[in-house]
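A short worksheet on the structure shown next.
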Amino acid sequence: MNILAIESSCDETACAVVKDGTLNLSDIVASSKELHEKTGGVVPEVAARKQMEFIIPVVEQTLRKFYGDISEKDFQEKKRTGDDIDSIAVTVGPGLVGSLIVGVEAAKSLSLAWRKPLIPVNHLVGHIYANFLKTDFVSPEKNIEFPAVALLVSGGHTDLVLMRGHDNFEYLGGTLDDAAGEAFDKTARLLGLSKYLGGVLLSKKASECEKNNIAGILPRPMIYEDSFDFSFSGLKTAVRRLIEKKDYSIEEVACEFENAVCDVLVEKSTKAIKKFNVKSFLMGGGVAANKQLRCRLENKAKELGVSFYVPPLSLCTDNAVYIASAAYFTYVRGGKTQEIGNIKVNPSLGIMDQV
Ligand code: KG4
Ligand code: ZN
């Protein structure tokens with residue numbers, strides 16, 4: 001089954017065609033990130049306007065890639081009928097309302113024009129399903145065994161969930177204030193590294209630190225508390241105080257900050273793996289691209305005899321490939337359907353909210 005998916009929750013406009021939720025046949029991502037770097041943060045109105053500008057070309061290019069080397073006449077005919085596409089999937093939330101509406105309305109139009117079912121997808125669930133994609137054409141579907149613990153660490157969310165099966169999530173905990181990615185971004189800004197989405201740059205700076213002379217100086221918020229919740233906003237404030245003292249190098253502060261965030265995420269994930277005696281551990285979201293976090297959690301899972309999964313870097317940040325995968329495993333395989341008229345954007349969707 002081929003699903004064409006659309007993702008437009010923030011500043012990326014993405015479309016993909018994925019076979020059976022696991023094989024990426026074609027995907028395109030356009031981004032307005034550069035504009036938001038200039039303003040030091042995403043301006044929702046600007047992001048939505050860019051979504052409108054990009055959506056048609058992105059869908060068109062995805063289809064061209066999918067249909068491959070055929071005549072222009074044949075392409076136009078296939079594009080008219082949606083030949084070989086079985087369903088449409090779209091992110092309905094969480095995200096910026098204006099951006100989401102562009103993707104959802106485009107998906108509804110395709111669904112009506114091609115007479116194909118439309119599947120609503122929770123973006124946060126999508127991030128976790130990036131783990132189910134195959135990396136090549138020949139390998140079999142990944143046999144990710146349940147129960148599994150999934151750690152979602154993105155720009156706006158940090159959640160730990162227990163997956164008992166597809167579309168069967170139990171909430172364990174999440175951040176009470178800032179998300180891990182948000183903490184990375186705000187700290188990168190405090191360190192003067194980037195005005196927008198500075199996680200990668202902060203991590204790079206941290207790797208340049210030869211010796212961390214301030215190891216342990218920052219708090220590890222809630223690390224030993226008896227819950228699966230997180231809190232990262234105090235960490236950012238502690239970084240500000242450190243910077244004000246001017247005694248420490250940027251590399252040292254970056255390193256100490258990254259270690260503090262990773263310490264907490266690793267500790268809580270370990271606790272969840274042990275408590276629920278799971279078979280697999282999955283990561284997802286932009287911060288899952290963080291090298292230290294990936295390595296430490298992989299080693300920890302190995303130590304505990306649990307299978308470890310993390311998406312390739314290209315599937316950690318926003319794209320439509322994992323939206324198609326989530327649609328397949330949580331909707332199609334579960335035999336779920338949804339009336340197109342009931343599909344609406346929900347900017348404040350949580351990971352446990354049904355769509
Ligand atoms: O999942 P995502 O693309 O967007 C949301 O759905 O929120 O995540 C973006 C977040 C940003 O906060 C970005 O700084 C962070 O992921 N990020 C990283 C790294 N790469 C991206 N944070 C730490 N280390 C990285 N290597
Ligand atoms: Zn995301």
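Nothing in this text is a laboratory measurement; each read-out follows from the coordinates by a stated rule. This structure is a prediction, so every number in the text was calculated from the model and none was measured. Note that we place each Cβ from the backbone using ideal geometry, even for glycine, and neighbour counts take in every protein chain shown.
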Using only Cα atoms, find the angle between the long axis of helix 250-276 and the longest principal axis of the chain, and express it within 0 to 90 degrees, rounded to the nearest 10. 70
Rounded to whole Hz and in sequence order, give me ³J(HN,Hα) for segment 213-226 from the Karplus expression 6.51 cos²θ - 1.76 cosθ + 1.60, θ = phi - 60°, writing x for Gly and Pro. 7, 10, 3, x, 6, 8, x, 10, x, 6, 4, 9, 6, 7
Just from its helices, what would the mean residue ellipticity at 222 nm be for the chain, if runs of 4 or more DSSP H residues each count -39500 (n - 2.57) and the sum is divided by every residue, rounded to the nearest 500 deg cm²/dmol? -13000 deg cm²/dmol
Starting at the first residue of segment 155-169, write each ³J(HN,Hα) from the Karplus equation 6.51 cos²θ - 1.76 cosθ + 1.60 with θ = phi - 60°, in whole Hz, x for Gly and Pro. x, x, 9, 9, 9, 10, 10, 9, 9, 8, x, 5, 6, 10, 9
For G173, enumerate residues with amide H under 5 Å from its amide H, sequence gap 5+ or separate chain, H modeled in the peptide plane. L160
Considering only DSSP states other than H, G, I, E and B, which GluC sites (Glu not before Pro) in segment 57-141 qualify as loop sites with at most 16 other Cβ atoms within 10 Å? E141
Distance between the C-alpha centers of segment 163-197 and segment 70-145? Whole Å please. 25
Principal-axis tilt of helix 291-304 within the chain, Cα atoms, nearest 10 degrees: 90
At a temperature of 4 °C and a viscosity of 1.567 mPa s, determine how fast the chain diffuses translationally according to Stokes-Einstein, using the Kirkwood radius over alpha-carbon pairs as Rh; express D in µm²/s, rounded to the nearest whole number. 62
In whole Hz, what ³J(HN,Hα) sequence does segment 93-109 give by Karplus (6.51, -1.76, 1.60; θ = phi - 60°), x for Gly and Pro? x, x, x, 7, 4, x, 5, 4, 4, 4, x, 5, 5, 5, 5, 5, 4
Within the chain, the percent of DSSP beta bridges that are antiparallel, given to the nearest 5, stands at 60
No other cysteine beta carbon under 4.7 Å away is the test; run it over the chain and list who passes. C10, C15, C262, C295, C316
What is the gain in length, in nm to one decimal, between E45 and S249 on full extension, counting 0.36 nm per residue of separation less the C-alpha to C-alpha distance? 69.7 nm
How large is the Kirkwood hydrodynamic radius of segment 148-310, counting all unique pairs of alpha carbons, in Å? 15.9
Any idea what angle helix 233-245 forms with the longest principal axis of the chain, computed on alpha-carbon atoms, 0 to 90 degrees, nearest 10? 50
Two-site label geometry, R241 and F146: point separation in nm, points 7 Å out along Cα→Cβ: 4.5
Let me know the longest stretch in the chain that avoids all chymotrypsin sites (Phe, Trp or Tyr not before Pro) found in a DSSP loop with at most 11 other C-beta atoms within 10 Å. 1-136
